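First comes the structure, then the notes that go with it.
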Amino acid sequence: MELGVYGLSAKATHGPRATTQLAALAEELGYRSWWVGDHVALPDPRTPESPMDAAESILDPLVHLAYVAAVTERIELGTGIIVLPQRHPVVLAKQLASLDVLSDGRLRVGVGPGYLEPELAAVGVPMSERGARTDEYLDAMTALWTQPAPSHHGTHVAFDHLDARPRPVQAGGPRILIGGHSPAAYRRAVARGHGWFGAGDSPDRLAADLAGLRKAADEVERPARLGPLELNYTAMTPVDAEAFHRYAGLGLARLVVYPLPLDDVRDVAAYLRRHARLPH
């Protein structure tokens, strides 16, 4: 089970000096992946479901990851997750392919349908369409990355007789991870994702998610091209050795730590050092 780190594109860690310092430290300590979230806008005043206050800063994930790619050499770069329905898939496919090229194939793409109605409404996406758009946008991006003559004809996006170069470094495009904890998210992960990207506060919560994924595997077909479902999980609370072994025993490919609170870069660095000593 590999270790990754999540969330260092926000609050006190979002600036260039902190990003350079912490990315170099994470790579030096042996973290294998660096993950960031996505919100183009947040409700103001804050609503109960919002993960942070609108006055707090969070960078665009692709701009941030391009910066991290330039100051690192080995660490994988992931979105955990992009709110897919609020980004046009033709533009996003180009951005992700460009980032995969500039990072020399280090990109992992976590996506989800989103859950903040004000944010989706601001970019013209009805909540009722977010799931269908997520599925269609994945198909459209895959077409641009893999088809010799890309074409897609769907409800929300259509194109033909065009191409978008460069293609990603990774054959078939970056690995797609599906985020979420609903039955629909579990089914989407089984049917469309190379992996699943979850988050929670305990191995017990992860075990419940895995039960949902097993149920989904009985309900939808998994294409052979996707291979075994890769499990990735962000621990929203500190992890001790006992919890680490429990997470590993549940079959995770990656355990991603979240150094909350993100109010002081020195505290975040200490959190990374402490968790790097876990026996991974």
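The table below gives the values:
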quantity	calculated
Computed P(r) (all Cα pairs; the range 133-280; 5 Å bins; percent)	2, 9, 16, 16, 15, 14, 11, 10, 5, 3, 0, 0
Bins of 5 Å, starting at 0 and running to the largest distance - Cα pair percent for the chain	1, 6, 12, 16, 19, 18, 14, 8, 3, 1, 0, 0
Percent breakdown of C-alpha pair distances by 5 Å bin, ordered from the shortest bin, for the range 7-57	4, 18, 24, 20, 14, 11, 7, 2
Estimated FRET transfer efficiency when R0 is 35 angstrom, pair Glu56-Lys94 (beta carbons, to 0.05)	0.75
Projected label distance in nm at His156 and Glu2, using a 7 Å step from Cα toward the beta-carbon	2.9
Share antiparallel - DSSP beta bridges, the range 81-203, percent rounded to 5	20
Carbon and sulfur %, accessible surface of the chain computed with the full protein complex present, 1.4 Å	53
Of every Cα-Cα pair in the range 59-156, the percent that sits beyond 19 Å	45
Cα radius of gyration and Dmax for the range 117-212 (Å)	15.9, 50
12 Å reach of a label modelled at Ala132, 7 Å along Cα-to-Cβ, counting backbone N of the range 75-99	none
Neighbourhood net charge (9 Å Cβ-Cβ; Lys/Arg +1, Asp/Glu -1) for Gly198	0
Taking the convex hull of Cα positions in the range 80-131, its mean projected area over all directions (nm²)	3.7
Accessible solvent surface per residue of the chain, calculated while the other protein chains remain in place, 1.4 angstrom probe, Å²	44
Cα centroid separation - the range 118-187 against the range 204-279, whole Å	25
Residue list for the range 195-219, given a label point 7 angstrom along the Cα-to-Cβ vector of Thr237 and an amide N cut-off under 12 Å	200-206
Mean separation of Cα contacts under 8 Å, 6 or more apart, over the residue count of the chain: relative contact order %	20
Quotient of C-alpha Rg and 2.2 N^0.38 Å, computed over the range 28-110	1.19
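The values are calculated or read from the model by the stated rules, or taken from the named source; none is laboratory data. The structure presented is a predicted model; accordingly, all values stated were derived computationally and were not measured. Don't worry about glycine lacking a Cβ; one is built from the backbone with ideal geometry, like all the others, and counts go over all protein chains shown. Accessible surface areas use protein heavy atoms only, side chains included; no ligands, DNA or RNA. Shrake-Rupley method; radii C 1.70, N 1.55, O 1.52, S 1.80 Å.
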